[in-house]
Amino acid sequence: MGILIKPIVTEKMTAQGDKLNRYGFIVDRNANKIEIKQAVEQTYNVSVVKVNTANYHGKKKSRYTKAGMLNGRTNHFKKAYVTLAADDKIDFYSNI
């Protein structure tokens, strides 16, 4: 999977896919927009018009258990929002 880790399949992204032809992916943190564009075009056989990225930093989390307080952190990750050409679509459910 290299650059594309997994697609974002939420209500909000599904609505954007229907309305704006925009799809979201969790991508490798070191990937740039050009690499993301090439990976999406190769994987899904579509033409990408625009790529927007957003870096998310992990949050600190703590919980109380029988063993005491457990402290940790969620992972950092990067999202890519990909806008496709007007006649292209991606169907994430076709492989099921």
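Assorted remarks:
- Residue check, S94 more than 16 Å from the chain's Cα centre (by Cα) and not in a loop (DSSP other than H, G, I, E, B): no
- Subset of segment 72-96 that is modelled with pLDDT of 90 or more and out of contact with any strand residue (DSSP E or B) (no Cβ under 7 Å at 6 or more places or on another chain) - its residue that is surrounded by the most Cβ atoms within 10 Å (Cβ to Cβ): D88
- Top-ranked residue in segment 1-22 [being surrounded by 13 or more Cβ atoms within 10 Å (Cβ to Cβ) and not polar (S, T, N, Q); ranked as nearest to F77 (Cα to Cα)]: I5
- Residues within segment 73-88 that are assigned to a loop (DSSP other than H, G, I, E, B) and touching a Gly at 6+ places or on another chain (Cβ under 8 Å), tallied: 3
- So L70, is it of a type outside the set (V, I, T) and in contact (Cβ under 8 Å) with a residue 40 or more places away in the chain: no
- Number of positions in segment 1-22 that are in contact with a Lys or Arg (Cβ under 8 Å, 6 or more places away or on another chain) and part of a loop (DSSP other than H, G, I, E, B): 1
- In segment 63-72, of all residues being in a strand (DSSP E or B) and out of contact with any Leu (no Cβ under 7 Å at 6 or more places or on another chain), the one that is farthest from T14 (Cα to Cα) corresponds to G68.
- Residue match in segment 16-31 (condition: of a type in the set (F, W, Y) and at pLDDT 95 or above): yes
- Residues that are within 12 Å of K78 (Cβ to Cβ), over 11 Å from the mean Cα position of the chain (by Cα) and in a helix (DSSP H, G or I) within segment 23-62 comprise K33, E35, listed in sequence order.
- Candidates in segment 24-71 are the residues that are within 20 Å of D87 (Cα to Cα) and basic (K, R); of these, the one that is surrounded by the fewest Cβ atoms within 10 Å (Cβ to Cβ) is K50.
The values are calculated or read from the model by the stated rules, or taken from the named source; none is laboratory data. These numbers come from a predicted model, not from an experiment. Don't worry about glycine lacking a Cβ; one is built from the backbone with ideal geometry, like all the others, and counts go over all protein chains shown.
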